[in-house]
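Notes follow the structure.
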Amino acid sequence: MVETVKEYLLNKQYKELKAFLNDANEADIAECLNDLDQEELAIVFRLLNKDEAADIFARMDDDTQERMVEILSDKEVSSIISKMYVDDAADLIEELPANLVTKVLKNTSIEKRKQINEILKYPEDSAGSIMTTEYIALDEDDTVKDAFDNIRKTGLKKETVYTAYIIDKQRHLLGVTTVKDLMMEDYSCSIKNVMEENVITVNTTDDQEAVAKMFDKYDFLALPVIDSENRLVGIVTVDDALDVLSEESEEDFEKMAAMAPSEDEYLKESVWDQYKNRIVWLLVLMLSSIVTGKIISSYENAFAAVPILVSFIPMIMDTGGNCGSQASTMIIRALATDEISPKDIFKVWWKEIRIALLVGATLAIVNGGRIALQYNNIVLGTVIGLTLIFTAVLAKSLGCILPILAKQLKLDPAYMASPMITTMVDACSLVIFFNVALALINI
């Protein structure tokens, strides 16, 4: 699409380009605009259908939005902001530099500015920060006809019209209904007889990730957000919930790789920022390997007596690290999807113990048997076999227990992932290996 747009621009076929854009999907247009230079961006954006321009603008990445605000006139900025949903406008304000924020706010209506400030006052990771204040609100005394009149009158400016919320004069949330339910009733029917009073809600201060997970659990398109006095202040829609889950997944992947979460896309983040995100954990893990070195040096006499033991260290450490990583990955995922909770720690541990015994026994038979045959030394094969069993049990125990303990301590379980588990298991597996060797081999 980018190539097609550039070709139209090169040949100055603006009429054909406008027709092409009118037939294209908004998400595809936004992605295309991200790849255009400043001059091309200005031309193409001004060719867009005015009714679609705000939605396309909201779908652009942060850098492109910033470039757009710089090149657009005050009138054009005002037109876009007036048509943007409040939550999208709040996101824009948060990402823009101060000088451009001033330009945007200057061209925003007083009412919309008030709504944006309402969202921006909430903590960054709260339900209030991702909600929108544009929803269908119905009065408790309305009839079904009143409800449809309200939807027709205000629906175009709302984030969703499928779900409507019934409130009293003080904006206390009384119930919820849907357009489908309203369509099944007579126009004269009272809203009170149609609404569902058992409403699932979230509070403005609830964690946004927990709120996003509720969409998966209940299959909602929107969730009402209330304050401490049960007043309806906004709604969280399913598209914002998906954005939260995507961001949280990216953060967890980075934490599991022993990195601080990135603030920007990979290619847009500077080398220095990437360095800062990585170096701290690398230093911690490197310094922790001092323990491993101390353990190895303390068994120098064993090496001198049976030099072949040294050659098995990488295999045992790698096996332990892999066993621990498997367990921690499964448990971190289960915690993230609420399949398990900290109270299940003993059930989880007992299950991992049984898995570890099966895994360890298989590894012991295959590798211990191979070593016994290769070196014609049953005792050496037994040492390796027992070490693998004990290491598998220890690694999987640490891999399941540490993420759960982190969760219990209000820490992110993702920190207890592969690099951390591997470092701990390395040291422990060496202690097991040398003690088994000392017990079975006459050293």
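In Å², and per residue, what accessible area does the chain have when probed at 1.4 Å with the other protein chains present?
On a per-residue basis, 54 Å².
Accessible area of Trp281 (1.4 Å probe, protein heavy atoms only, ligands and nucleic acids ignored): about 60 Å².
Annotation: Thr201 carries an accessible surface of approximately 50 Å², with a 1.4 Å probe and no ligand, DNA or RNA atoms counted. For region 161-195 versus region 381-443, the spacing of their alpha-carbon centroids is 58 Å. Taking GluC sites (Glu not before Pro) across region 176-234, the ones in a DSSP loop with at most 12 further Cβ atoms lying within 10 angstrom of their Cβ are Glu197, Glu229.
Once a ≥ b ≥ c are taken as the square roots of the eigenvalues of the Cα gyration tensor of region 402-443, is the result rounded (a/c under 1.5), prolate (a/b larger than b/c) or oblate (a/b not larger than b/c)? In terms of gyration-tensor shape, prolate. Given the pairs Lys145/Lys180; Lys50/Lys153; Lys343/Lys410; Lys83/Lys157, which span a C-alpha to C-alpha distance of over 19 angstrom in this model? Too far apart for the 19 Å limit: Lys50/Lys153.
Could you check how much of the accessible area of the chain is carbon and sulfur, as a whole percent, using a 1.4 Å probe? It is 56 percent, rounded to a whole number. Given a 1.4 Å probe and the protein chains as shown, Asp28 ends up with an accessible area of around 80 Å².
Helices in the chain, meaning DSSP H runs of at least 4 residues, each add -39500 (n - 2.57). Divided by all residues, the mean residue ellipticity at 222 nm is -20500 deg cm²/dmol.
For Ile43 and Asn117, what is the calculated FRET efficiency with R₀ set at 35 Å and r taken between the beta-carbons, to the nearest 0.05?
Rounded to the nearest 0.05, the efficiency is 0.55.
Based on the alpha-carbon gyration tensor of the chain, what equivalent-ellipsoid semi-axes (square roots of 5 times the eigenvalues) come out, in whole Å, largest first?
57, 30, 19
If both residues of a DSSP beta bridge must be in the chain, then about 70% of such bridges are antiparallel.
Both numbers refer to the Cα atoms of region 6-90; Rg and Dmax are 12.2, 39 Å. So if a site counts as exposed when it's one of the trypsin sites (Lys or Arg not before Pro), its DSSP state isn't H, G, I, E or B, and it has at most 11 other Cβ atoms within 10 Å, what's the longest stretch of the chain without one? Here the longest segment lacking exposed loop sites spans 170-409. How big is the gap, in Å, between the Cα center of region 319-344 and the Cα center of region 24-52? Between the Cα centres of region 319-344 and region 24-52 lies a distance of 44 Å. Apply the membrane-span-like helix rule to the chain: whole DSSP H runs, Cα extent along the own long axis of at least 18 Å, mean Kyte-Doolittle hydropathy at least -0.5. List the helices found. Helices meeting the span and hydropathy rule in the chain are 271-298, 313-336, 345-363, 378-408, 418-440.
If you run the Gaussian network model on the chain, springs between alpha carbon atoms under 10 Å, then out of Tyr275, Tyr415, Tyr165 the most flexible one is Tyr275.
The values are calculated or read from the model by the stated rules, or taken from the named source; none is laboratory data. Everything numeric in this text was worked out from a predicted model, so none of it was measured. Please note: Cβ atoms are built from the backbone with ideal geometry, for glycine as well, and neighbour counts cover all protein chains shown. SASA here: full protein model, heavy atoms, side chains in, ligands and nucleic acids out. Shrake-Rupley method; radii C 1.70, N 1.55, O 1.52, S 1.80 Å.
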